[in-house]
Amino acid sequence: MSMVLKYLKESAFPILLVFLLLMVKVFADLTLPLYTSNIVNIGIQQGGLETAVPSVLTAQTYAAVEARLESDDATILAASYRYDTETYRLPAYVLVEDAPVQEATLLPILARLGMGETVGQPATESILKQAALAYIRTDSEQLGIDIPAIQNSYIVQVGLRMLAISALGVAASILVSYFASRVAARLGRRLRGDVFKKVVSFSQDEMDKFSTASLVTRSTNDIQQIQQSFVMILRVVIFAPMMALGGLFRVLGTNSSMSWTIGVAVLAIFTIVITMFALAMPRFKRLQTLVDNVNQVVRETLNGLQVIRAFNTQDHERSRFEKANTELTATSLFVNRAMSGMMPLMMLIMNLTAILIIYNGGQHIQAGTMQVGDMMAFIQYAMLIIMSFLMITMLTIMLPRASISAGRIKEVLDTPVTIGTAPSTVPFPPEPQGLVEFNHVGFTYPGANTEAIRDISFVAQKGTTTAIIGSTGSGKSTLLNLIPRFHDVTSGSITIDGIDIRQRDLTALRKLVGYVPQQGLLFSGTIASNIAYGEPGLKSEAIEAAADIAQAGTFIGEKPDAYQSSIAQGGVNVSGGQRQRLSIARAIAASPKILLFDDSFSALDYRTENQLRKRLHADLPDTTVLVVAQRISSIIHADTILVIDEGRLVGKGTHAQLMQGCPVYQQIAHSQLSLQEIKNHG
């Protein structure tokens, strides 16, 4: 998860704001039980009277109190009350502002007066105070004071404060969710962007380490898991410890003798969580791999629908999907059942804890060591503490799953890119020539035991066409893919205009090269956007010119929307030949100095191919063209033909020269051309 922290620097202020808002919410949640306790203890039981220092006393009660005080305390009492004969129905003594008298002084005396002189000292301060306050209420009623109005006023005031604090807590909670979601969404956006940027920079060597389905899962499901977990981290990691510690502090202040009940509840929660953790964690680790498997099967099925239908293997593919889906479903069900079973168990523990607190609290209330409101506050604090520990333990389950996802993302981000721009590069001249030279080039695929090509040397001059032919698997496409550095040579070197391509800027190199793959691949959009893919700002005239050279102008003009016609993903709504011609037009539109055709004419008929060849020669006379082909008829007019056999260059020259001195080329020619065609071209 340390990787995630690096992405949070730009979100430092929102995270600080979340921290402050969570402190506000903790304050609100911890304050509300105190007000609940006050409403019950003071508002209901004490009639709204908060202290045993009465605001007004009858003259009779004042005299009784004064008679029981020492001389010093009697002096203080006299300084605290003034005599009033007009305000109340009986003569009274009214408490003055900033009176020096203390509750501890009056409480025992008023309690004795309320309980009768024959009753001894009450056993507890709680009982003592209740007796004193009961006497004060009776004494105040004799003066005509409306005690129910005082009680209602107190309850309303405290209730309004509770509403205000509740509103503050709700607002803080909403803002925490808002900012936490924004921070997590920004984190997810940056992670997705960096993963995508990294994957786009991968060479085929790195792509072979990850399946396409796995990369899709890592870019979506895994990042989503991290994003969701981080929202919980922001809301829980700060909030739960503060709430638990604050709740424990308040509980100890309410009644420390019952704190053992919370310890029992927390121990039970940890026991359940550890058990669930041991059962579910291995399944969490397997879950992401199973998602990869399902995505892999779905992707292969969708990409190969035509082949599946052609061979009637729908049942086989269904069984493959069913197997992967069943494994994923079974694992998901186990994990979800384990997680869903936790909440009822936790609620059971919370309810049993509440019952235990009420049972013990009742005994304390009966003994006079606790008030009803205090017990209610204790229950609320206990629930807050248990919920805090519950959130912490739930987080310990979420974090490992997010950690697994973060590890999978880190694996992608930390994968070194083997093909990239060197620290110091040699720039291309303003007008590059496009001279391509292979110098004893050899290449071995990663993990392979034998070289795919070895000791290849040739020169492709500016404005010439160099063709490459050979049997299937001889290394023709491999040789072509080395030029734009889809792979790097393992021996020898490739130079363009005399400089090793590994010393060139990779972006500049690929901008110099126009590449047409063996399978024409189009992107969702329009015909115009696909042709201008390499040059997004290309004008319509240049787009039409490139399409015209590629022999695509005719079929484009026949479409109702012409160049604005829609292209589906992968170009599935156009034929193979049309797709190939649009791919060729895309390469030409980028105005490259070097054009690479990887068996790109195989989907074209002979007439279209011949016209395309003529247009390339006429319209792009200074472009270096390298063509991989299976048909001799496609390359018979090339300036230079390279014959590749089992990774070696076994022939080089024109068609006529190779027919004279290259047995491999002769075999290919005799297998494809009639004797008359050989004689005509010989």
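What follows draws every value from the coordinates through simple rules; no lab data is involved. Here the structure is a predicted model, which is why all the values come from computation and not from measurement. Backbone-built Cβ (ideal geometry, glycine too); neighbour counts: all protein chains shown.
So the values come out like this:
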{"item": "Separation between Cα centres of segment 458-508 and segment 405-446, rounded to whole Å", "result": "13"}
{"item": "Helix 147-201 vs. the chain, principal-axis angle (Cα, 0 to 90°, nearest 10)", "result": "20"}
{"item": "Distance in nm between pseudo-label sites at ALA310 and PHE13 (7 Å out along the Cβ direction from Cα)", "result": "6.0"}
{"item": "Per-residue [θ]222 nm for the chain (sum of -39500 (n - 2.57) over DSSP H runs n ≥ 4, rounded to 500)", "result": "-20000 deg cm²/dmol"}
{"item": "Backbone HN-Hα couplings from phi across segment 626-635 [Karplus 6.51/-1.76/1.60, Hz, Gly and Pro as x]", "result": "10, 10, 9, 9, 9, 9, 5, 4, 6, 10"}
{"item": "Per-selection metrics, segment 538-682 (Cα): Rg and Dmax in Å", "result": "17.2, 53"}
{"item": "Sequence of VAL426, VAL200, VAL516, VAL231 once ranked by neighbouring C-beta atoms within 10 Å, starting from the fewest", "result": "VAL200, VAL426, VAL231, VAL516"}
{"item": "Angle between the chain longest axis and helix 314-367 axis [Cα atoms, degrees, rounded to 10]", "result": "10"}
{"item": "Assigned charges on the beta-carbon of Lys, Arg, Asp, Glu; the chain dipole about Cα centre (debye)", "result": "2100"}
{"item": "Assigned charges on the beta-carbon of Lys, Arg, Asp, Glu; segment 436-681 dipole about Cα centre (debye)", "result": "60"}
{"item": "Rounded to 5, the percent of DSSP beta bridges in segment 436-681 classed as antiparallel", "result": "50"}
{"item": "Degrees separating the helix 12-38 axis from the principal Cα axis of the chain, which is the longest one", "result": "30"}
{"item": "Of all DSSP beta bridges in the chain, antiparallel share, percent nearest 5", "result": "60"}
{"item": "Built amide H within the under 5 Å cut-off of ILE499, gap 5+", "result": "none"}
{"item": "Net charge contributed by nearby residues that have their C-beta within less than 14 Å of THR608 (K/R +1, D/E -1)", "result": "+4"}
{"item": "Residue among GLN551, THR526, GLN371 farthest towards the positive dipole end of the chain, charges placed on Cβ", "result": "GLN551"}
{"item": "LEU395, LEU649 arranged by Cβ crowding within 10 Å, fewest neighbours leading", "result": "LEU395, LEU649"}
{"item": "Calculated FRET efficiency for the pair ARG186/ASN610, C-beta based, R₀ 45 Å, to 0.05", "result": "0.20"}
{"item": "Cβ crowding within 10 Å averaged over residues, with 335-344, 39-48 ranked highest first", "result": "39-48, 335-344"}
{"item": "Extent along principal axes [Cα atoms of the chain; Å; largest to smallest]", "result": "142, 50, 48"}
{"item": "Rounded to the nearest 20 debye, dipole of segment 1-104 from Cβ charges on Lys, Arg, Asp, Glu", "result": "740"}
{"item": "Whole-Hz couplings from phi, Karplus 6.51/-1.76/1.60, listed for segment 438-443; x for Gly and Pro", "result": "9, 10, 6, 6, x, 8"}
{"item": "Hz values of 3J(HN,Hα) by residue in segment 385-395 - Karplus curve (6.51, -1.76, 1.60), Gly and Pro given as x", "result": "5, 5, 4, 5, 5, 5, 5, 5, 5, 5, 5"}
{"item": "TYR515 long-range amide H proximity, modeled H, under 5 Å", "result": "LEU596"}
{"item": "Amide proton proximity set for SER203, modelled H, under 5 Å, gap of 5+", "result": "THR418, ILE419"}
